[in-house]
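Read the structure below first, then the notes.
All of the numbers you see were taken from the coordinates with simple rules; none came from a lab. All of these numbers come straight from a predicted model, not from anything done at the bench. Every residue, glycine among them, receives a Cβ derived from its backbone with ideal geometry; neighbour counts consider all protein chains shown.
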Amino acid sequence: MFRIEALVDKDRRDLLRSRLRESNTAASPVLAALRGTPAEREAPLHIWALDPAGGLAGGLVGHTWTTWLHVAYLWVDAEHRGAGLGTRLLAEAERIAADRGCTASRLETWDFQAPEFYRGQGYEVVCVIPDYPPGITEFTLTKRLV
């Protein structure tokens with residue numbers, strides 16, 4: 001008989017993630033052919049924009065994995081929006097990702113956030129999920145990197 005638990009456990013999460021990666025790599029010829037271990041193929045990518053006083057004006061948090069950049073968060077402080085800071089942060093992330101061998105980028109955004117901004121940066125909508133969360137539409141966008 002199995003015991004089922006619902007609790008946050010970072011050690012178990014990390015073990016589960018490691019085992020899932022190993023299983024995925026073993027089952028996929030494409031993943032198995034890539035150099036390095038699954039953990040070695042994933043690298044954090046953080047970029048920060050600081051104002052003259054050293055305060056956070058914006059930033060991008062993501063990671064590269066295999067040949068993809070995944071942008072998890074991109075934020076610019078309201079007083080700095082419209083000045084091209086988001087474009088600069090995204091371009092720098094794409095440049096670093098390309099230097100790491102990435103050929104594509106992906107991200108998610110909600111309808112009230114920045115889908116038009118990303119389209120303007122060359123991203124294409126590949127998935128639309130209405131009511132996620134209720135009343136909001138989520139978009140997944142991708143871009144081929146040069």
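Whole-Hz ³J(HN,Hα) for each residue in segment 140-146, computed from phi via Karplus 6.51 cos²θ - 1.76 cosθ + 1.60 with θ = phi - 60°, x for glycine and proline: what do you get?
With coefficients 6.51, -1.76 and 1.60, one gets 10, 10, 9, 8, 7, 8, 7 Hz.
Would you mind calculating the relative contact order of the chain from Cα pairs under 8 angstrom and at least 6 residues apart, reporting the percent as a whole number? Don't skip to the end; give the middle numbers.
Numbers: 205 pairs, mean separation 22.2, N = 146.
Once divided by the residue count of the chain, the mean separation gives 15 percent.
Can you give me the long-range amide H partners of Gly58? Hydrogens built in the peptide plane at 1.01 Å from N, cutoff under 5 Å, separation of 5 or more residues or another chain.
Residues meeting the amide H criterion: Ala49, Asp77.
Using each residue's phi in segment 45-62, evaluate 6.51 cos²θ - 1.76 cosθ + 1.60 at θ = phi - 60° and report the 3J(HN,Hα) Karplus result to the nearest Hz, with x for Gly and Pro.
Result, ordered by residue: 9, 10, 10, 10, 10, 10, 6, x, 8, x, x, 6, 9, x, x, 9, 10, x Hz.
So which chymotrypsin sites (Phe, Trp or Tyr not before Pro) in segment 88-146 end up in coil per DSSP with only 11 or fewer other C-beta atoms within 10 Å? Walk me through the numbers before you get to the answer.
Numbers: sites: Trp110, Phe112, Phe117, Tyr118, Tyr123, Phe139; in loops: Phe112, Tyr123.
For chymotrypsin sites (Phe, Trp or Tyr not before Pro) across segment 88-146 that sit outside H, G, I, E and B with at most 11 neighbouring Cβ atoms in 10 Å, the list reads Phe112.
With loop defined by DSSP as not H, G, I, E or B, and exposure as at most 13 other Cβ atoms within 10 Å, which is the longest segment of the chain clear of exposed GluC sites (Glu not before Pro)? Write down the numbers at each step before the final one.
Numbers: sites that count: Glu5, Glu40.
In the chain, the maximal stretch lacking such sites is 41-146.
Mind checking which of Ala93, Phe112, Pro52 is farthest towards the positive end of the chain's charge dipole, using Cβ charges of +1 (Lys, Arg) and -1 (Asp, Glu) about the Cα centre?
Ala93
Taking the Cα centre of the chain as the origin, how large is its charge dipole in debye, to the nearest 20, when only Lys and Arg (+1) and Asp and Glu (-1) carry charge on their Cβ atoms? Write out the running numbers ahead of the final one.
Numbers: 17 positive and 19 negative charges, 117 e Å.
About 560 debye.
Can you work out ³J(HN,Hα) from phi for every residue in segment 73-88, in order, using Karplus 6.51 cos²θ - 1.76 cosθ + 1.60 and θ = phi - 60°, giving whole Hz and x for Gly and Pro?
9, 9, 9, 10, 4, 3, 6, 10, 5, x, 9, x, 5, x, 4, 5
Set the Förster distance to 41 Å, then compute FRET efficiency between Gln113 and Arg3 from the Cβ-Cβ distance, nearest 0.05. Could you put the intermediate results ahead of the total?
Values: r = 40 Å, r/R0 = 0.99.
With a Förster radius of 41 Å, E is 0.50.
If you compute semi-axes √(5λ) of the Cα gyration tensor in Å for the structure shown, which of (i) 37, 23, 14; (ii) 61, 18, 12; (iii) 30, 21, 18 do you land on?
Comparing each candidate, only (iii) matches the computed number.
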